[in-house]
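The block underneath contains the structure these notes are about, expressed in structure tokens.
The values are calculated or read from the model by the stated rules, or taken from the named source; none is laboratory data. Keep in mind the model is a prediction, meaning the values are calculated, not measured. When we count neighbours, we look across all protein chains shown, and the Cβ atoms used for this are built from the backbone with ideal geometry, even at glycine.
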């Protein structure tokens, strides 16, 4: 049985990636590639990197932005008991 190598970035790697990201006026982020030769646009729904475009889900660029910029809290109308009034 061969050992499986994890490609999951560590918190330190995500922090390093995020430290080089630049927030754009439209709310998206420009995140440099690993070798610094290009930058990928990260939005709330995707990333322009080949990994995201091929596999979808969360690439290291989206994970890095999520690491330093957690999601916004839910609006007040979603707080409280979601089943209130259904008894």
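Which one of these is surrounded by fewer than 17 Cβ atoms within 10 Å (Cβ to Cβ), outside any strand (DSSP E or B) and modelled with pLDDT of 90 or more: 15, 25?
Values: 15 fails: modelled with pLDDT of 90 or more.
Exactly one residue qualifies, and that residue is 25.
Out of all the residues in the range 29-42, which are in a loop (DSSP other than H, G, I, E, B) and touching a helix residue (DSSP H, G or I) at 6+ places or on another chain (Cβ under 9 Å)?
Within the range 29-42, the subset in a loop (DSSP other than H, G, I, E, B) is 33-38.
33, 34 - these are the residues of the range 29-42 that are in a loop (DSSP other than H, G, I, E, B) and touching a helix residue (DSSP H, G or I) at 6+ places or on another chain (Cβ under 9 Å).
Go through the range 46-78 and give me each residue that's part of a helix (DSSP H, G or I), modelled with pLDDT under 80 and surrounded by 12 or more Cβ atoms within 10 Å (Cβ to Cβ).
Taking the range 46-78 first, the residues part of a helix (DSSP H, G or I) are 50-55, 60-68, 76-78.
In the following step, the residues that additionally are modelled with pLDDT under 80 were identified as 67-68, 76-78.
Across the range 46-78, the qualifying residues are 67, 68.
What's the total number of residues in the range 28-45 that are more than 12 Å from the chain's Cα centre (by Cα) and at pLDDT below 90?
Here the count works out to 4.
Only residues in the range 10-33 that are on the phi > 0 side of the Ramachandran plot and without any contact (Cβ under 8 Å) to a residue 24 or more places away in the chain count as the first member; pair them with residues that are surrounded by fewer than 16 Cβ atoms within 10 Å (Cβ to Cβ) and part of a strand (DSSP E or B), Cβ under 8 angstrom, at least 6 apart or cross-chain, and list the lot.
Qualifying pairs under 8 Å: none.
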